[in-house]
Amino acid sequence: MAPSLLRQLNGERAVVFLYVVRILLSIPLSLLPEACSLSLLSLLALGVEISADDASNPLSLFFRTRPGASSGVLLGAVTLPGLLISKLVQTLRANSLEEVGIEEFEYLKSQYWAASSSCVAVLIFLSLVCQRQGKSKTSISSLSIRNQIYSSIIVILFVGSGLVSLSAKLYGGWSPVLISLWVLGHGWAAVILIQKILETFPACASIGESLLVTAGLVIYFGDMMAYTASKITCLASSKALFIQNGINRSEISTIIQGIIFGLLLFPVFYKHILRMWEYCAGSENNTDLGIHEKRRFLVFYALLTFVLVAVVPSWMQFVHPFNMHPFLWVIDFVLSEPLKRLTLCVYWLVIISVSVRRFYSISKNSKTERILLRKYYHLMAVAIFVPALIFQPKFLDLSFGAALAVFLLLEIIRIWKIWPLGHLVHQFMNAFTDHRDSDLLVVSHFSLLLGCAIPIWLSSGFTDRPLAPFAGILSLGIGDTMASMVGHKYGVLRWSKTGKKTIEGTAAGITSVLAACFVLLPLLAATGYIFTMHWFSLIVAVTTSGLLEAYTAQLDNAFIPLVFYSMLCL
């Protein structure tokens, strides 16, 4: 049994194993159910990944995933739950120092179980798919039956751990049964969503990447639904929702949540309204394609204006007391410190305009590989985000949300080929795409932006780890960039026979991140948290994230910052 497991332990799985073990060793006894559940989740994910990557029974027969990538089920399943456990450990420290209340800790615990439930539900679904694919073969071994028994035991133990943890606290009058149903609802939503993602965007992502996106969206918008429900009078008066005891939202987080949710749902509304428009106009002469296209553009811009100007701000004002239109609040926020924030905006515009024009010109007239061209944007991210994170962190939070909204809007315009920008955006993005992107969906710029933004968003409020907000900037802007450039130019020793990553590149990435930390810590000394950063933990975090970049076949911009951030919080 042990030798067979060792044969299944490739580089990526070994790094994920180190990541999970590092988290488990940092968990206090009060989080024992969460530690058990993470262990069980890892075992279940490993079993599903082995079945999914088996050449005789691949999930690619059922789903069209990104070519050239492994399933990535294990990494996709443990990344978000591991991050939330790290936040639980950090919040527990803050609670002992009376920096945050116990309500925030309990609320974060419910979020952990919702994320874990989402991952377990998807793993059960994938396991059933693998079994169905296996039944199409001529032989079904006893090993398959034994794996089913092991998986069932793991799921039962996982559910038991969840009940033990959730029954220890009654959330705002909710019984443990209702809390459990709320958590299981996330699992059901995750299964529906991951099928929709894989069917709508074939060959655009691996199973693990889709699982990470699915769990993140389910948690983010499940939280949004609970936040909305808590504002309904009949529910709020009876304290029926545990959300009331959760984290207090700021105006910035509410604006970002509303805008992103509105833009993600906009294509669904647009598709249905466009069908209704075409059905109503079906009796007319549709031979003039020009008129038809103009009508489509008109519907697009009219609906977009209605959603962004009326629907989304209405929700924002319902859940948060802005006392003015949210867009006016944004303008007032920017002008509250006009010299600093407007100067920062001008600085960003200069860097972006000069860099984009230069990089686009190089992409058309140079033989430089696209992987290196893309790393220039990583360096540009360092120049843009580091000054703002040090001097204007709240303004940077809002700016990340605005940038993400612009990216989403441009991608919608590109996919639907909306005049006049659709063709231009597609032509520009095509100059920087590689094998991980497709004509259907370009994700690299989203992963870079979110990889830098999410650690900063998660660090809003209390943080006793000064480098944690910089996790994305350090790992992607510096570590990943140096690893690619040094490995491409000077790399000789490869980590594997089939891979392209080199030992020289990985060593350069790890060394550059550590050097950047030496530079950053003196600059952050005024925060008073410098003495809480332990160099041993930092070296372990940097090394683990560097090895993950070397071994993973997944979209590293999405996973490395989250893994690095999780380990920095411990």
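The values are calculated or read from the model by the stated rules, or taken from the named source; none is laboratory data. Keep in mind it's a predicted model, so treat the numbers as computed, not measured. Note: ideal-geometry Cβ built from the backbone for every residue, glycine included; neighbour counts use all protein chains shown. Note: areas computed on protein heavy atoms with side chains; ligands, DNA, RNA excluded. Shrake-Rupley method; radii C 1.70, N 1.55, O 1.52, S 1.80 Å.
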Of the conditions (1) open to solvent by less than 30 Å² (accessible area, probe 1.4 Å); (2) closer than 30 Å to residue 88 by Cβ; (3) assigned to a helix (DSSP H, G or I), residue 463 fails just one. Which one is it? (3)
What is the residue count in segment 290-333 for residues that are of a type in the set (A, V, I, L, M), in contact (Cβ under 8 Å) with a residue 60 or more places away in the chain and either open to solvent by 60 Å² or more (accessible area, probe 1.4 Å) or in contact with a Pro (Cβ under 8 Å, 6 or more places away or on another chain) (or both)? 1
For segment 19-38, the count of residues that are assigned to a helix (DSSP H, G or I) and open to solvent by less than 40 Å² (accessible area, probe 1.4 Å) equals 10
When (1) within 21 Å of the chain's Cα centre (by Cα); (2) under 18 Å from residue 388 (Cα atoms); (3) not in a loop (DSSP other than H, G, I, E, B) are applied to residue 519, the one that fails is (1)
For residue 107, work out the one condition from (1) without any contact (Cβ under 8 Å) to a residue 12 or more places away in the chain; (2) over 29 Å from residue 499 (Cβ atoms); (3) assigned to a helix (DSSP H, G or I) it doesn't fulfil. (1)
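Mind counting the residues in segment 386-426 that are of a type outside the set (A, V, I, L, M), closer than 25 Å to residue 474 by Cβ and either open to solvent by 30 Å² or more (accessible area, probe 1.4 Å) or in contact with a His (Cβ under 7 Å, 6 or more places away or on another chain) (or both)? Quick ask: steps written out before the conclusion?
Filtering segment 386-426 down to residues of a type outside the set (A, V, I, L, M) leaves 387, 391-395, 397, 399-401, 407, 411, 414, 416-417, 419-420, 422-423, 426.
Adding the requirement that they be closer than 25 Å to residue 474 by Cβ leaves 387, 391-395, 397, 399-401, 407.
Okay, now just the ones that are also either open to solvent by 30 Å² or more (accessible area, probe 1.4 Å) or in contact with a His (Cβ under 7 Å, 6 or more places away or on another chain) (or both), so 387, 391, 393-394, 407.
Of the residues in that region, 5 qualify.
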Residue identified as in contact with a His (Cβ under 6 Å, 6 or more places away or on another chain), among the β-branched types (Val, Ile, Thr) and over 23 Å from residue 93 (Cβ atoms) among 481, 498, 552: 481
With the structure loaded, tell me whether residue 336 is open to solvent by 60 Å² or more (accessible area, probe 1.4 Å), under 30 Å from residue 384 (Cβ atoms), among the hydroxyl-bearing types (Ser, Thr, Tyr) and modelled with pLDDT of 85 or more or whether it fails that test. yes
Enumeration of residues in segment 243-255 that are modelled with pLDDT of 80 or more and open to solvent by less than 50 Å² (accessible area, probe 1.4 Å): 252, 253, 254, 255
Criterion first (touching a His at 6+ places or on another chain (Cβ under 9 Å), aliphatic (A, V, I, L, M) and either in a helix (DSSP H, G or I) or modelled with pLDDT under 85 (or both)) does residue 429 satisfy it? yes
Restricting to segment 85-108, and then to whatever is open to solvent by 50 Å² or more (accessible area, probe 1.4 Å) and modelled with pLDDT of 80 or more, can you tell me which residue is nearest to residue 27 (Cα to Cα)? 93
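Just one of 236, 190, 240 is surrounded by 15 or more Cβ atoms within 10 Å (Cβ to Cβ) and either at pLDDT 90 or above or closer than 24 Å to residue 302 by Cβ (or both); which is it?
After applying the criteria, what remains is 190.
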What is the number of the single condition among (1) assigned to a helix (DSSP H, G or I); (2) open to solvent by less than 10 Å² (accessible area, probe 1.4 Å) that residue 442 does not meet? (1)
Take segment 479-501 and flag every residue that is without any contact (Cβ under 8 Å) to a residue 24 or more places away in the chain and surrounded by 13 or more Cβ atoms within 10 Å (Cβ to Cβ). 486, 487, 491, 494, 500
Looking only at segment 346-365, decide whether some residue is open to solvent by less than 20 Å² (accessible area, probe 1.4 Å), at pLDDT below 85 and of a type in the set (Lys, Arg). no
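Results for (1) at pLDDT 90 or above; (2) basic (Lys, Arg); (3) under 29 Å from the mean Cα position of the chain (by Cα), shown as yes or no for each residue.
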position: 284; (1), (2), (3): no, no, no
position: 301; (1), (2), (3): no, no, yes
position: 323; (1), (2), (3): no, no, no
position: 329; (1), (2), (3): yes, no, yes
